[in-house]
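Below is one structure, written out as structure tokens, with a few remarks after it.
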Amino acid sequence: MSMDFIEALNELEREKGISKDILFEAIEAALISSYKRNFNTAQNVRVDMNRHTGAIKVYARKLVVEEVLDPRTEISLAAAREINANYHLDDITEIEVTPRDFGRIAAQTAKQVVTQRIREAERGLIYNAFVEKEEDIVTGIVQRQDLRNIYVDLGKIEAHLPLNELMPNEKFKHGDRIKAYITKVENTTKGPQILLSRTHPGLLKRLFELEVPEIFDGVVEIRSVAREAGFRSKIAVYSRNSEVDPVGSCVGPKGTRVQTIVNELRGEKIDIVRYSENVEEYVANALSPSKVLEVQVFEAEKMSRVIVPDYQLSLAIGIKGQNARLAAKLTGWKIDIKSETQAEEEFGREKTDQDEMPQDSISVD
């Protein structure tokens, strides 16, 4: 090995943080395998690589015994004392057996080891960089697509976006810029693997955190998210400051903030509701955009019965039960919705046009 190679190892240590000592040890271990393979020997050997000059020597290691049964691994006491008079039984002798043309093999092996270690180090750096971004949003460029995944270039690595993690009717082509949510970062034998999603509720949550300064600053807090990707979502928000309106903060001036998110999600409808510790109020808000007359809470079953005006029943339930389903997911309460007429027939509740519950929510298409 030349001094240039030693300097190259020093440079790697400085630039990529790969320990030179670890590289030396890895090269020496690889050279042992190369020696045995190229010179067809089963003897025990040790390879020593000088840390300053790069000079390489191979030593055969043999056990000092009284009677030699395997000359490849054993040496007699008499023969050992010809090398050094201080040897005793059960000592290990080392005899230099460096082949004349071993330098060429050593150079090739060292190059392979260093290349592999650089690749491993780069994979480690990429993994460490992206594992910190798990449950965050990244932007990448669509590269290609197969029957199961879209492959997204994130700069240093290609991430996988499974087709079942796309929103309905969502299509991308080569070169498209795409925002997606990192659901998992795994360190596999082939290197880091990053899985993305466009349907995860976390995508909606992070979009609001990025778009609304009050959420980023911690003044407004997202308490819950319920999402049926591509169709409708509900998000419950709470303000730590009584002077800050959490719903208004998320909507933004003339609806600009929430509209930016709606556009990113290809027109997905978003209901922004005020979170409340009062279950009746929270459930009523969650059923936005429908009006609610009354909410009855049954703590033991964690169920609520909601009464709405007759003309609001279909709106409260939503298409194929979507509005009610999302409200239940958002609040964590089962919700049984009754029209005013049904409530009168089943429970004897009197009809009234004056007792709608106050609601604090907004629906954005």
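The values are calculated or read from the model by the stated rules, or taken from the named source; none is laboratory data. Small disclaimer: the values here were computed from a predicted structure and weren't measured. Counting neighbours? That spans all protein chains shown, and the Cβs are built from the backbone with ideal geometry, glycine included. In case anyone asks, the SASA skips ligands and DNA or RNA and just uses the protein heavy atoms, side chains included. Shrake-Rupley method; radii C 1.70, N 1.55, O 1.52, S 1.80 Å.
A few remarks follow.
- VAL283 vs. criteria more than 15 Å from GLU209 (Cα to Cα), among the β-branched types (Val, Ile, Thr), in a helix (DSSP H, G or I) and touching a residue at least 12 places away in the same chain (Cβ under 8 Å): yes
Condition check ((1) more than 21 Å from ILE222 (Cβ to Cβ); (2) β-branched (Val, Ile, Thr); (3) open to solvent by 10 Å² or more (accessible area, probe 1.4 Å)) across all residues:
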site: PRO246; (1), (2), (3): no, no, no
site: ILE261; (1), (2), (3): no, yes, no
site: ARG274; (1), (2), (3): no, no, yes
site: VAL283; (1), (2), (3): no, yes, no
site: SER288; (1), (2), (3): no, no, no
site: GLU294; (1), (2), (3): yes, no, yes
site: VAL297; (1), (2), (3): yes, yes, yes
site: SER304; (1), (2), (3): yes, no, no
site: ALA316; (1), (2), (3): yes, no, no
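- Filter result (under 16 Å from ALA55 (Cβ atoms) and touching a Leu at 6+ places or on another chain (Cβ under 7 Å)) within segment 1-19: LEU9
- Criterion violated by ILE105 - all others in (1) farther than 18 Å from LEU9 by Cβ; (2) out of contact with any helix residue (DSSP H, G or I) (no Cβ under 6 Å at 6 or more places or on another chain); (3) open to solvent by less than 50 Å² (accessible area, probe 1.4 Å) satisfied: (2)
- Residue in segment 172-189 that is out of contact with any Leu (no Cβ under 9 Å at 6 or more places or on another chain), of a type in the set (D, E, K, R), free of Cβ contacts under 8 Å to residues at least 12 places away in the same chain and loosely packed, with under 15 Cβ neighbours inside 10 Å present: no
- Where GLU346 falls short, out of the listed (1) at pLDDT below 95; (2) surrounded by 14 or more Cβ atoms within 10 Å (Cβ to Cβ): (2)
- Test: ALA328 is open to solvent by less than 10 Å² (accessible area, probe 1.4 Å) and in a helix (DSSP H, G or I): no
- Test: PHE130 is touching a residue at least 60 places away in the same chain (Cβ under 8 Å), of a type outside the set (Ser, Thr, Tyr), outside the structural domain of ARG72 (by the TED database) and surrounded by 12 or more Cβ atoms within 10 Å (Cβ to Cβ): yes
- All of PRO168, PRO99 fail the test of being in the same structural domain as LYS184 (by the TED database), loosely packed, with under 14 Cβ neighbours inside 10 Å and not in a strand (DSSP E or B), apart from PRO168.
- Selection count, segment 9-20, where residues are in contact (Cβ under 8 Å) with a residue 12 or more places away in the chain, part of a helix (DSSP H, G or I) and out of contact with any Asp or Glu (no Cβ under 9 Å at 6 or more places or on another chain): 2
- For the condition in a strand (DSSP E or B) and open to solvent by 10 Å² or more (accessible area, probe 1.4 Å), ILE215 does not qualify.
- Within segment 248-259, the residues that satisfy the criterion of being assigned to a helix (DSSP H, G or I) and either touching a residue at least 24 places away in the same chain (Cβ under 8 Å) or closer than 17 Å to ILE222 by Cα (or both) are GLY248, SER249, CYS250, VAL251, GLY255, ARG257, VAL258, GLN259.
- Considered as a group, the residues in segment 142-165 that are touching a strand residue (DSSP E or B) at 6+ places or on another chain (Cβ under 7 Å) and over 27 Å from PHE231 (Cβ atoms) include one that is most open to solvent (accessible area, probe 1.4 Å), and that residue is ARG144.
- Selection within segment 43-100 - touching a residue at least 24 places away in the same chain (Cβ under 8 Å) and of a type in the set (Lys, Arg): ARG46, ARG51, LYS57, ARG61, LYS62, ARG72
- Verdict on GLU82 being part of a helix (DSSP H, G or I) and within 26 Å of ARG123 (Cα to Cα): no
- Residue count for segment 29-46, restricted to those that are buried (at least 17 other Cβ atoms within 10 Å of the Cβ), under 12 Å from ALA106 (Cα atoms) and not aromatic (Phe, Trp, Tyr): 3
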